[in-house]
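The values are calculated or read from the model by the stated rules, or taken from the named source; none is laboratory data. Since we're looking at a predicted model, the values are computed, not measured. Backbone-built Cβ (ideal geometry, glycine too); neighbour counts: all protein chains shown. To get the accessible areas, we keep the full protein, side chains included, count just its heavy atoms, and leave off ligands, DNA and RNA. Shrake-Rupley method; radii C 1.70, N 1.55, O 1.52, S 1.80 Å.
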Amino acid sequence: MNEKIRLGISSCLLGEKVRYDGGHKLDHFLRDGLGKYVDWVPVCPEVEIGLPVPREAMRLVGLPEAPRLITVRTGKDYTDRMSKWAAKRLEEIEEEDLCGFVFKSRSPSSGMKAVKVYSESGVPSNKGTGIFARAFIERFPLLPVEDEGRLNDPALRENFIERIFVYQQWKEFLKSAGSIAQLIAFHTRHKLLILSHSAKHYTILGRLVADAKKYKTDEIRRDYLKHLMEGLRLTATIRKHTNVLQHMMGYFKARLTADEKQELIETIENYHAGFVPLIVPITLLMHYVRKFDEPYLKGQYYLKPHPAELMLRNHV
Ligand code: SF4
């Protein structure tokens, strides 16, 4: 991995005491685990619009698709102040070169999904998005985003971290000349990773790259990134990973002994049955990639999409 990845984050997740009750919501994995690879850009919308710590708690009220941000006890409406600030702040954030954002779950300002919205009569539903999080997602629809609650799910955690590393690779590609040849090389390295998420996007992106010369540079980059990020957002299931593992096995069939072949088949079957995590067949395949110096597989990010120390594939 090259430079640290720049990620936005809700400030309270880093342990900053900015919450309405004067506390924080430190997330140890984010600060101490993922944090080794990340330059965090903290944002606390409620403090940045000038509210004190501690302060009155707020909640979303009204229609889930266009709620108001209202204080719970005194009914003060901060929607317009927050929206105006967010528009300006997002302009600054655009300059930050972010590869994603980790939001604080359930917050009426920062929550990205399933935030409580109260009807005028006080009945809650879990269909809201925090005012700042909504503005962020609308402005940067392709940037990977998650909240710390969802990141406790191993599959969602792996998915998000994979996407931020791919996004960083994409930014590096853009910083280079970004020629068609480099786009083809980028695509080639990510092929199996894409296939592990979506066969449909694998096909779309393959066609796009094959026809690259028919497009203007800006168009092909825009379309490629859109389909890439849409595809990677889809969860890589056991069935999809098994398909990729079997595809990789095909590269060695003629070179393995009968015993080695049987061991590899059984390892993939054990993964498919849920007896062992993904890291087990991947490790065995990496062994053969090294042993036979297989050129195509050697370049595949699928084999190492994020640092091994994060142990993300030990749990999926
Ligand atoms: S959830 Fe958002 S607004 Fe609330 S304290 Fe954390 S960063 Fe600030």
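Dividing the convex hull volume of the alpha-carbon atoms in region 202-278 by its residue count gives 101 Å³ per residue.
Only bridges with both residues in the chain count here: give the DSSP antiparallel percent, nearest 5. If we restrict to bridges inside the chain, about 45 percent are antiparallel.
Using the charge dipole of region 261-312 (Lys, Arg: +1 at Cβ; Asp, Glu: -1 at Cβ; taken about the Cα centre), state which of A308, L278, Y296 has its Cα farthest towards the positive end. About the Cα centre, the residue reaching furthest to the positive side is Y296. One equal scatterer on each Cα of region 57-183, no solvent, Debye formula: the resulting log10 I(q)/I(0) at q = 0.11, 0.12, 0.15, 0.16 Å⁻¹ is -0.46, -0.54, -0.76, -0.84.
Quick one: compute a quarter of the convex hull surface over the Cα atoms of region 71-139 and quote it in nm².
Directional mean of the projected Cα hull area for region 71-139 stands at 5.1 nm².
I need the P(r) histogram for region 33-123: all alpha carbon pairs, bin width 5 Å from 0 out to the longest distance, whole percents. With a bin width of 5 Å, the distribution comes to 3, 11, 21, 23, 19, 12, 7, 4, 1, 0.
Every Cα-Cα pair of the chain was included, and the share exceeding 38 Å stands at 24 percent.
What separates the Cα centres of region 246-299 and region 131-161 is a distance of 32 Å. Bridgeable aspartates and glutamates around K76 (alpha carbons under 15 Å apart, same-chain partners fewer than 8 residues away excluded): E46, E56, E120. Taking one quarter of the surface of the C-alpha convex hull of region 180-239 gives a mean projected area of 3.7 nm². Solvent exposure of region 168-265 amounts to 52 Å² per residue of accessible area, where only protein heavy atoms count and the probe is 1.4 Å. Max-minus-min Cα coordinates of region 179-316 on each principal axis give 51, 29, 27 Å, with the largest extent listed first. Return the subset of K84/K171; K104/K304; K200/K298; K17/K226; K175/K304 for which the Cα-Cα distance in this structure is over 26 Å, preserving the input order. Table pairs above 26 Å Cα-Cα are K84/K171; K104/K304; K17/K226. Taking the Cα centre of the chain as reference, the dipole from Cβ charges on Lys and Arg (+1) and Asp and Glu (-1) amounts to some 460 debye.
For region 1-95, the solvent-accessible area works out to 53 Å² per residue, with a probe of 1.4 Å and every protein chain left in place. One way to sum up the overall shape of region 118-222 is the equivalent ellipsoid from its Cα gyration tensor, whose semi-axes run 34, 17, 13 Å, largest first.
Other residues lying with their Cβ under 14 Å from the Cβ of K127 contribute a combined charge of +4, Lys and Arg counting +1, Asp and Glu -1.
A straight Cα-to-Cα reach below 20 Å connects K213 with the aspartates and glutamates D223, residues fewer than 8 places away in its own chain not being considered. Within the accessible area of the chain, what % is carbon and sulfur when the probe is 1.4 Å and the other protein chains stay in place? Here carbon and sulfur together make up 52 percent of the probe-accessible area. Straight Cα distances below 13 angstrom link K261 to the aspartates and glutamates E269, with same-chain residues fewer than 8 positions distant left out.
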